[in-house]
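Laboratory data are not the source of any read-out in this text; all were calculated from the coordinates shown. Note that the structure is a prediction, hence the values are computed from the model and not measured. Using ideal geometry, Cβ is built from the backbone for each residue, glycine included, and neighbour counts are taken over all protein chains shown.
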């Protein structure tokens, strides 16, 4: 096997990278990572492992963080106080992380690939005078990587994924318990009767309205730094990077957006990225329809078999059929040592 480190995702053909990334998730996709390279808060590199014929067997991005605006990715906020890694291995955003390995690798070759990835990120961290960590690893990824690190994995959060059986939202509702079926039908019916204008559009066409609502949502949750200007810059970067993949469903009262949900169709999953609404508006069940039911309709229309709804409000997600699994961190407490 041949291991190397490159400085930009653009040095790898998109189709070659996607062969590894598509089973793993949106936040490790070629297009998403290309957009993240424009974020000045980190210096990025990518570890590649190839076979002697040049086929890509494994890969991982990593980031030396200069400034972390997201508290959930700050080591001091989520790790024991004696640990302070400044290099993130794998995905830096999205709370969904895993090393990338080629489908069909036998266990011995896969494990050797993972050792190469770990050693590459150790060297990168050492070059920057720090250590590394893998935040928000999925349960399968944690099981693969944990034997390569001296300390046990740390549970950070829980992750929710709603399976979408059949071919339409009626099949989804029918898969739930009887009481939940009745409740969800009522929530959808009451929202539809509110007379709001539901629009499906590109993020690029509604950045300012969405940023205003998202800033209010963030500040309501104590994130005072996430004002309108910061949220506008964030959404503009996503809109530019993801183009027609950045989809929004929004509710309008006249010309005023009162709520939205931003999501991406990637692989067999629809990934909810952000949602916010005007809490003062009296529309019934606005949040549930924007965050779950309207994206589920679009997910079915796109052929997706699951809706990724991520962390937080886990019980509300369980009630809507979500399967819940843990997200963990692995931390390398030691520098790389001699090469």
Max mean-square fluctuation residue, GNM over the chain, Cα-Cα springs under 10 Å, options 160, 24, 174: 174
If the chain between residue 16 and residue 71 were fully extended at 0.36 nm per residue, the gain over the current Cα-Cα distance would be 16.5 nm
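Once fully extended, how much extra length lies between residue 8 and residue 240, figured as 0.36 nm per residue of separation less the alpha-carbon to alpha-carbon distance? Present the calculation step by step, with values, prior to reporting the outcome.
Details: separation 232, 0.36 × 232 = 83.52 nm, distance 1.77 nm.
Between residue 8 and residue 240, full extension yields 81.7 nm more.
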Relative contact order (%) - criterion: Cα under 8 Å, at least six apart; region: the chain: 22 percent
With equal scatterers on the alpha carbons only and no solvent term, can you work out the Debye log10 of I(q)/I(0) for the stretch 165-304 at 0.14, 0.19 1/Å? -0.67, -1.15
Based on the Cα coordinates of the chain, what is the per residue volume of their convex hull in Å³? 139 Å³
For a quick check: sort 115, 169 by the number of other beta carbons within 10 angstrom, fewest at the front. 115, 169
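With both partners inside the chain, how many of the DSSP beta bridges are antiparallel, as a percent to the nearest 5?
Values: 54 of 60 bridges.
Antiparallel bridges: around 90 percent, rounded to the nearest 5.
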Taking only Cα atoms, what is the 0 to 90° angle, nearest 10, from helix 178-192's long axis to the longest principal axis of the chain? 70 degrees
Going by the alpha-carbon gyration tensor, a ≥ b ≥ c the square roots of its eigenvalues, is the stretch 159-230 rounded (a/c under 1.5) or, if a/c is not under 1.5, prolate (a/b greater than b/c) versus oblate? prolate
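Relative contact order (percent) for the stretch 192-339, with alpha-carbon contacts under 8 angstrom and 6 or more residues of separation?
Working: 196 pairs, mean separation 29.2, N = 148.
Dividing the mean separation by the residue count of the stretch 192-339 yields 20 percent.
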Rounding to the nearest 10 and keeping the result within 0 to 90°, find how far the Cα-based axis of helix 207-220 lies from the longest principal axis of the chain. 80 degrees
Whole-number percent relative contact order across the stretch 103-179, with pairs defined as alpha carbons under 8 Å at least 6 apart: 18 percent
